[in-house]
Amino acid sequence: MTKVMRRTWLTTAVLLALACPTLQSQLRAAEESSRKPSRPHIVLIGISNYADEHIKARPHAEDDVKALYDLFTSKDYLGADPKNVRLLLGKEDDKRNSKPATRENILDAVKWLASDAKRDDLVIFVFIGQGCSLGERGDRTCYFASDSTLKGRAKNAVAAADLAPEFDKLKSRNLAVFLDLNFKGFDAGKDASIPEASLGEVPYKEFLGDDKTEEHNPLPGRVIYMATNGLNTSPDLKEHGLFATAVLAGLKSEADKAGYEPDGVVTVDELTTYLNKQIPELKRKNAKTDTERRRDHFIFSGQSSHFNLTTNPKAIVKARERLDKFEKMVKSDRLGKETAEEGVRLLTRMPRLQALRNLRKEYQKLVDGDLTADQFKDARTKVLESMKLPQNVARNYASKVLEAVQLVDDEYVKEVNKGELVGWGIRGLYRTLPEDEKIPDDIADKLEGVKTMRDTELGTLLQDVRLRLGKREDLDNHKDIDVTLQKMLVHLDPYTTYVDPETKARFETEYKGEFTGIGVQIRKDNATDMLQVVTPIKGSPSYRLGLLAGDLISTITREVDSEGNQLDQPEVLYTKDMTLTEAVKKILGKAGTKVKLTIQRDGVAKPFQVEITRGRIELESVFGVKRNKDDSWDYWLDKQNKIGYVRLSNFARNTTKDLTDVVVNLRQQGMQGLVLDLRFNPGGLLSAARQISDLFIDAGPIVSIRRPRRGQEEQMTGRSAGSELDFKMVCLVNGYSASASEIVSACLQDHKRAVIIGERSYGKGSVQNISDFDGGQIKITIASFWRPSGKWQEPEQVVHERQGKRGLGRPAGQGLCPGAVAQGA
């Protein structure tokens, strides 16, 4: 290549990099991080047997962490310096220089992580063992050390509260936590006073850190892999626990599958994808009982958790050879600086965006000699051009975000700053990007003064941001607006939020109490990975056709789409390896349209096909004690003493009518007492809460709604007519009784109409207005609830006469990746 050609090529490279500043900032950040090699800091804790006989053994715990120690210290995979690895076991291992897993040693190891690990260092924390609850309510947890005792756990176990301050101080932005714990891993004997552990909305938050903002978000770059929900154990296999077996295989190389070829490194995202597929598969093959198969694993990943974990020795050799060749090309002055940085970044790790993957292929062809410099230049130009976003798309993005900002400014319960809302949205958008782009310096400077910007300036800023991010699949199909609004509104309060179009459809089904489909609840069967019928909904097409609980749906065949339009070719879909969400979309459809299902049923030799005509399905929200033979509900808890029982799952449009019919019928049969069960009821329609409260009280206040910015107060009152007052009542609530459930329970309590029994309720105390917005919905807190007594219904405001035992367990938390649960279709 001549000097003139090199100069021209370099100029073009610089101009192209400047035309895509986000890509440029990506590569600069990658280059900076490559100059600061990570020093892995690792703590591995495994305890198989405990001195206290009341704490159950974990047979493979120590073998699991030993295998992880060997993997992490191997030069083939991570090459961690043994000096930077703390191996703590119940039984010492001289070969690996372990220490006893005592409480003192565990705390010392965690403090070492907090003090020694730097920002760019990879930190891995593994704990395989047993735990227990602390406190009278079980809302605190502890980890058993090798010298812990069940009775003395408050003093000699490692409390979650002991770990939280150290992980809060941890400077590393690359923390991976692996946990295989059972907080019921003990035999209390005659001591039945130990409450079940409650892990809260986000389990193991002691490892997530606190960003010290008003929202107290987890710190960036943290991921937790959990074998179970912490209330049971993962199955054991021959040599290791099932969870450890999957983790070991994934870290060694099996997870290195993102993109069109293994790139030689296993990332957090790749391991997450691998475990979500492999753990259920291992359970199907090895779990001894259906209960074990249904014990879901969980993965919680915070923002910017996309770092490397290990190397794949099978692929890293070829990747390094290409990098060596590329570096020689750079040294021979055949490439410009910007292109050199870009090439190193793309050849080192498989990008997540398709356009950048295409660009990586062009670099590989250049290194392999399959492209000349000029051919590479042309190919690179085409890829970068494909990433440019049309101006009108950026303008629409800015317009929609500002429209949402104006709606919040008009309706929110408190005054807001529109510029601050926009700033939250932009920062949140950048934090969610998979390539960890940093906010360009000039945009960051503008964000510093965003609070004083006028609407036109905010629109220009939003448009500029969207143009720079370019055309990319992770922001296509409305995702750019979805993410921006969600990240913007989360700063206001827990209940002001944006609901994307897909989630909106599910919410509408819940609150309307109806949908169109075949009328069956389904889940993924852990033994076969096919769809399994949990229950046909009474009166639905599936119910009338004779589908049974336990039936397996192996194939979905569609000759028309969900709107009834004829397909060119029948669509035959096998449910194995199909996600539950995908299956529901294919089964749901317009009333009157048809879908065919292939069914496998116990006791029937061969699979058979049924054709079901979709119809309008009315969901039940009022439940009794058990089903009668005709599938109607039996509402008598104690028929002899005339004690009725009704459970409300939510407050939908049909709930008031259905509940009234039940209560009137029971009262006519001589009901003397009623148990109203609102446990795990998340709420619903305010109108339903008002009507149900009015059903059980005489005339008087039900709830007051105050809108302070408008100086308005609306008091909802009850009427004597139609009230059911001639029997005693008990109302059950727990920590998941929220919103409308709290309005009803507080009203019954203040009117002394019912005794409230259970746990403290969720504590919502606010009213949301729901506005349709660009296919989705914006829920905005507009007012606060005030009880009939005149008190604000603040968090944990509903006080209970008696503290009962905990309910049926903790629902799956948000932000996790659990196994599939039942959905309606």
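The values are calculated or read from the model by the stated rules, or taken from the named source; none is laboratory data. Everything numeric in this text was worked out from a predicted model, so none of it was measured. Cβ atoms come from the backbone with ideal geometry, glycine included; neighbour counts cover every protein chain shown. These accessible areas exclude ligands, DNA and RNA; they are computed on the full protein's heavy atoms, side chains included. Shrake-Rupley method; radii C 1.70, N 1.55, O 1.52, S 1.80 Å.
Flag: LEU666 matches the condition of being in a helix (DSSP H, G or I), buried (at least 18 other Cβ atoms within 10 Å of the Cβ) and in contact with a Lys or Arg (Cβ under 9 Å, 6 or more places away or on another chain).
Just name the residue that is farthest from the chain's Cα centre (by Cα) out of those in region 345-369 that are closer than 21 Å to GLY259 by Cα and open to solvent by 50 Å² or more (accessible area, probe 1.4 Å). The qualifying residue farthest from the chain's Cα centre (by Cα) is ASP368. Can you confirm whether region 470-492 contains a residue that is under 30 Å from GLN609 (Cβ atoms) and of a type in the set (A, V, I, L, M, F, W, C)? No, there is no match, as no residue in region 470-492 is under 30 Å from GLN609 (Cβ atoms) and of a type in the set (A, V, I, L, M, F, W, C). Counting only strands (runs of 3 or more DSSP E) that fall entirely inside region 74-172 and contain at least 1 residues that are more than 22 Å from ILE47 (Cα to Cα), the qualifying elements are 122-134. For region 343-381, a tally of residues being assigned to a helix (DSSP H, G or I) and touching a strand residue (DSSP E or B) at 6+ places or on another chain (Cβ under 9 Å) returns 1. Residue count for region 678-714 under the criterion of being assigned to a helix (DSSP H, G or I) and modelled with pLDDT of 90 or more: the result is 10. Scanning region 401-442 for residues that are in a helix (DSSP H, G or I) and either touching a Cys at 6+ places or on another chain (Cβ under 9 Å) or not β-branched (Val, Ile, Thr) (or both) yields a total of 22.
Against the list (1) under 25 Å from ARG653 (Cβ atoms); (2) not in a loop (DSSP other than H, G, I, E, B), the condition VAL730 fails is (1). Candidates in region 636-657 are the residues that are in a helix (DSSP H, G or I) and surrounded by 18 or more Cβ atoms within 10 Å (Cβ to Cβ); of these, the one that is farthest from the chain's Cα centre (by Cα) is THR656.
Cβ contacts < 8 Å: first residue more than 25 Å from VAL177 (Cα to Cα) and without any contact (Cβ under 8 Å) to a residue 60 or more places away in the chain, restricted to region 307-321; second residue of a type in the set (A, V, I, L, M, F, W, C) and open to solvent by less than 60 Å² (accessible area, probe 1.4 Å), any location; separation 6+ or different chain. Result? Short answer, once both residue conditions are applied: ALA319/LEU347. Can you confirm whether region 335-342 contains a residue that is part of a helix (DSSP H, G or I), out of contact with any Gly (no Cβ under 6 Å at 6 or more places or on another chain), under 16 Å from VAL266 (Cα atoms) and among the hydroxyl-bearing types (Ser, Thr, Tyr)? No, that holds for no residue. Among the residues of region 115-142, those that are in contact (Cβ under 8 Å) with a residue 24 or more places away in the chain, over 15 Å from SER38 (Cα atoms) and open to solvent by less than 10 Å² (accessible area, probe 1.4 Å) comprise PHE125, VAL126, PHE127, ILE128, GLY129, GLN130, GLY131, CYS132, SER133, GLY138.
May I ask you to list the residues in region 85-95 that are open to solvent by 10 Å² or more (accessible area, probe 1.4 Å) and under 32 Å from the mean Cα position of the chain (by Cα)? Correct list: VAL85, ARG86. Selection of region 733-770 for residues being over 19 Å from LEU648 (Cβ atoms) and among the acidic types (Asp, Glu) yields only ASP750. Among the residues of region 96-106, not a single one is at pLDDT 95 or above, open to solvent by less than 40 Å² (accessible area, probe 1.4 Å) and within 23 Å of PRO220 (Cβ to Cβ). Scanning region 219-251 for residues that are modelled with pLDDT of 90 or more, under 22 Å from LYS184 (Cβ atoms), surrounded by fewer than 22 Cβ atoms within 10 Å (Cβ to Cβ) and aliphatic (A, V, I, L, M) yields a total of 1.
Of all the residues in region 382-396, those that are part of a helix (DSSP H, G or I) and surrounded by 15 or more Cβ atoms within 10 Å (Cβ to Cβ) number 6.
So VAL767 passes all but one of these: (1) over 18 Å from PHE696 (Cβ atoms); (2) in a loop (DSSP other than H, G, I, E, B); (3) of a type outside the set (S, T, N, Q). Which condition number does it fail? So the condition that VAL767 fails would be (2). Checking the stated criteria, GLY615 turns out not to satisfy the condition of being open to solvent by less than 70 Å² (accessible area, probe 1.4 Å) and either at pLDDT 95 or above or in contact with a strand residue (DSSP E or B) (Cβ under 6 Å, 6 or more places away or on another chain) (or both).
When region 669-698 is filtered for residues that are among the small types (Gly, Ala, Ser) and within 15 Å of ARG787 (Cα to Cα), the ones remaining, listed by number, are ALA689, SER693.
Among the residues making up region 742-753, those that are closer than 20 Å to GLY673 by Cβ and open to solvent by less than 10 Å² (accessible area, probe 1.4 Å) are VAL744, SER745, CYS747, LEU748. Per the conditions (1) in contact with a helix residue (DSSP H, G or I) (Cβ under 9 Å, 6 or more places away or on another chain); (2) modelled with pLDDT of 95 or more, the sole criterion not satisfied by VAL675 is (1). Within region 699-737, being hydroxyl-bearing (Ser, Thr, Tyr), out of contact with any strand residue (DSSP E or B) (no Cβ under 6 Å at 6 or more places or on another chain) and either open to solvent by 60 Å² or more (accessible area, probe 1.4 Å) or under 24 Å from TYR762 (Cα atoms) (or both) holds for SER720, TYR736, SER737. The selection criterion, being assigned to a helix (DSSP H, G or I) and among the hydroxyl-bearing types (Ser, Thr, Tyr), holds for THR245.
Output the residue which, of all residues in region 754-777 that are of a type in the set (Asp, Glu) and in contact with a strand residue (DSSP E or B) (Cβ under 9 Å, 6 or more places away or on another chain), is surrounded by the most Cβ atoms within 10 Å (Cβ to Cβ). Among residues in region 754-777 that are of a type in the set (Asp, Glu) and in contact with a strand residue (DSSP E or B) (Cβ under 9 Å, 6 or more places away or on another chain), the one surrounded by the most Cβ atoms within 10 Å (Cβ to Cβ) is GLU759.
Selection of region 307-326 for residues being hydroxyl-bearing (Ser, Thr, Tyr) and open to solvent by 20 Å² or more (accessible area, probe 1.4 Å) yields only THR311.
For ILE224, the conditions (1) within 30 Å of ASN358 (Cα to Cα); (2) assigned to a strand (DSSP E or B); (3) of a type outside the set (S, T, N, Q) are fulfilled apart from (1). Answer yes or no as to whether ILE780 is aliphatic (A, V, I, L, M), in a strand (DSSP E or B), open to solvent by less than 10 Å² (accessible area, probe 1.4 Å) and within 22 Å of PRO708 (Cα to Cα). In short, yes.
On the stretch given as region 255-275, residues that are open to solvent by 10 Å² or more (accessible area, probe 1.4 Å), of a type outside the set (A, V, I, L, M) and in contact with a helix residue (DSSP H, G or I) (Cβ under 6 Å, 6 or more places away or on another chain) total 3.
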